[in-house]
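Student: Here's a structure for you.
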Amino acid sequence: MTSHSKEGDIYINFIRVNTLKISPSALKERLEKKGVKLEKTFLDYAFRVIESPFSIGATPEYLFGYYMPQSLSSMIPPITLNPSPKDRVLDMCAAPGGKTTHLAQLMGNEGTILAVEISKERVKALKSNINRMNILNTIIINKDMRKYKEYLMKKKILFDKILLDAPCSGNIIKDKNRKVDEKDIEYCSLRQKELLNIGLDLLKPGGELVYSTCSMEEKENEEVIEHVLKSRDDIKLIKLSPIANFIRPGKIKGTLKVYPPYEPFFIAKIKKEG
Ligand SMILES: C[S@@+](CC[C@H](N)C(=O)[O-])C[C@H]1O[C@@H](n2cnc3c(N)ncnc32)[C@H](O)[C@@H]1O
């Protein structure tokens, strides 16, 4: 029997080892002893799950916080943001925390992450993942980023690095199991532009923001990036190169795209002049 994650019925399954708690080799050995077949990836702390006799989200090792089941594509935005242990990081749309906990891992559990999430329900999953994985550098804020921005600006709290893993029509497909229409895409695109401008306002001069979605729609990706590049004169696009063979260049030079059978993703990086 093969295990299935949230997107596992459609896309390939992976796990990210929480190196704050266990080494990749020790976890691999433990899971393989129980009959899980793992394959290495381009990241030494991520494995493809080839086969598992049980659900990979319901093992003692999962409950100990040794790993996070998540797509390989979803590991690219935190790696692209590349936070340092000294950074103050804002994760604008954080739940359930796959990327927040990855950011904390990359920061060696140091520095500070502000993880903001609008949904009270989804904050429960974020909290549980942060506790399970022993994340110590993260503050969870259950607020609408559009309103919370005013507070941060008033207090002059700006960030070295920001992740905007934006709500998108890809989430609608996964969460509600219904067909996405033009109206959904238009709605998402407007919200994404609004959130991206908020993120850019909250960057320190010289700070960097990574924008990502799990949608393939140009209106939610290229159009959003073009919109801010045209309407602001305080930012520039940082050109990214694919760091693994499943990542493709995007339509705008320097952006990245991932296509099925990997979970679809769009990734762009922007720097604030400073
Ligand atoms: C794509 S999901 C984030 C996934 C998450 N980054 C992860 O890796 O686990 C987008 C999230 O943004 C949240 N969200 C949507 N609008 C928001 C807003 N205005 N302020 C804060 N969070 C928001 C949604 O509730 C949803 O949990």
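Read the figures in this text as sums done on the coordinates, not as results from a lab. Predicted, not measured: the structure shown is a model, and the values here were computed from it. Cβ coordinates were reconstructed from backbone atoms using ideal geometry, including for glycine residues, and neighbour counts include every protein chain displayed.
Student: Go through L43, I225, T255 and say which Cα lies farthest out towards the positive end of the charge dipole of the chain; charges sit on Cβ, +1 for Lys and Arg, -1 for Asp and Glu.
Tutor: In the chain, that residue is L43.
Student: List the relative contact order of the chain as a percent without decimals, with contacts defined as Cα pairs under 8 Å and 6+ residues apart.
Tutor: Worked out over the chain, it gives 17 percent.
Student: Within 10 Å, Cβ to Cβ, of E273, how many net charges do the neighbouring residues add up to if Lys/Arg are +1 and Asp/Glu are -1?
Tutor: Overall, the nearby charge balance is +2.
Student: Which of K155/K253; K204/K236; K143/K257; K149/K183 have a Cα-Cα distance over 25 Å?
Tutor: K155/K253; K143/K257; K149/K183
Student: For region 236-250, in order, what is each residue's ³J(HN,Hα) by Karplus, 6.51 cos²θ - 1.76 cosθ + 1.60 with θ = phi - 60°, in whole Hz (x at glycine and Pro)?
Tutor: My calculation for region 236-250 gives 9, 7, 8, 7, 9, 10, x, 9, 8, 6, 8, 9, 10, x, x Hz in order.
Student: Could you work out how far apart the two model spin labels at I50 and E194 are, taking each label as a point 7 Å from the Cα in the direction of the beta carbon, and quote it in nm?
Tutor: The answer from the label model is 4.8 nm.
Student: Subtract the Cα-Cα distance of E182 and K40 from 0.36 nm times their separation in residues, and report this length gain in nm to one decimal. Each step should come with its number before you reach the end.
Tutor: Working: separation 142, 0.36 × 142 = 51.12 nm, distance 3.90 nm.
Answer, rounded to one decimal: 47.2 nm.
Student: Let me ask you something else. Only four residue types carry charge here, +1 at the Cβ of Lys and Arg and -1 at the Cβ of Asp and Glu. Report the dipole size of region 73-272 about the Cα centre in Debye, rounded to the nearest 20.
Tutor: Charge dipole, region 73-272, about its Cα centre: 420 debye, nearest 20.
Student: Identify the residues of region 53-78 with backbone N under 15 Å of a label point that sits 7 angstrom from the Cα of R30 along the Cα-to-Cβ direction, or state none.
Tutor: 56-69
Student: Using the C-alpha atoms of region 12-133, what convex hull volume per residue, in cubic angstrom, is computed? Write out the running numbers ahead of the final one.
Tutor: Details: hull volume 12.2 nm³, N = 122.
Once divided by residue count, the hull of region 12-133 is 100 Å³.
Student: Could you give me the ³J(HN,Hα) list for region 52-59, computed from phi with Karplus coefficients 6.51, -1.76, 1.60 and θ = phi - 60°, whole Hz, x at Gly and Pro?
Tutor: 8, x, 9, 5, 6, x, 9, 10
Student: Within region 73-272, what percent of beta bridges assigned by DSSP are antiparallel, to the nearest 5? Don't skip to the end; give the middle numbers.
Tutor: Values: 16 of 33 bridges.
Around 50 percent antiparallel, to the nearest 5.
Student: Explain nothing, just compute: Karplus ³J(HN,Hα) = 6.51 cos²θ - 1.76 cosθ + 1.60, θ = phi - 60°, for every residue of region 253-266 in order, whole Hz, x for Gly and Pro.
Tutor: Karplus-based 3J(HN,Hα) across region 253-266 equals 4, x, 9, 10, 9, 10, 10, x, x, 7, 4, x, 8, 10 Hz.
Student: Still on this structure, I have one more. Taking only DSSP H segments of four or more residues, each worth -39500 (n - 2.57), what value at 222 nm results for the chain once the sum is divided by all its residues, to the nearest 500 deg cm²/dmol?
Tutor: Taking each H run of at least 4 residues, the total per residue is -9500 deg cm²/dmol.
Student: Shape verdict for region 2-69, please, from the Cα gyration tensor: rounded (a/c under 1.5), prolate (a/b greater than b/c) or oblate.
Tutor: rounded
Student: Within region 117-150, list the residues whose amide N lies under 18 Å from a label point set 7 Å along Cα→Cβ of E110.
Tutor: The answer is 135-139.
Student: Label L63 and E223 with points 7 Å out from Cα along Cα→Cβ: what is the distance between them in nm?
Tutor: 4.7 nm
Student: What do you get when you divide the Cα radius of gyration of the chain by 2.2 N^0.38 Å, with N the number of residues?
Tutor: Working: Rg = 18.0 Å, N = 274, 2.2 N^0.38 = 18.6 Å.
Cα Rg divided by the expected 2.2 N^0.38 Å: 0.97.
Student: Would you grab the residues whose amide H sits under 5 Å from the one on D87? Only those 5+ places off in sequence or on another chain, please, with H modelled 1.01 Å from N.
Tutor: Close amide H contacts, sequence-distant or interchain: T112.
Student: What residues have an amide H closer than 5 Å to that of L203, excluding those fewer than 5 places away on the same chain, when H is modeled at 1.01 Å from N in the peptide plane?
Tutor: F159
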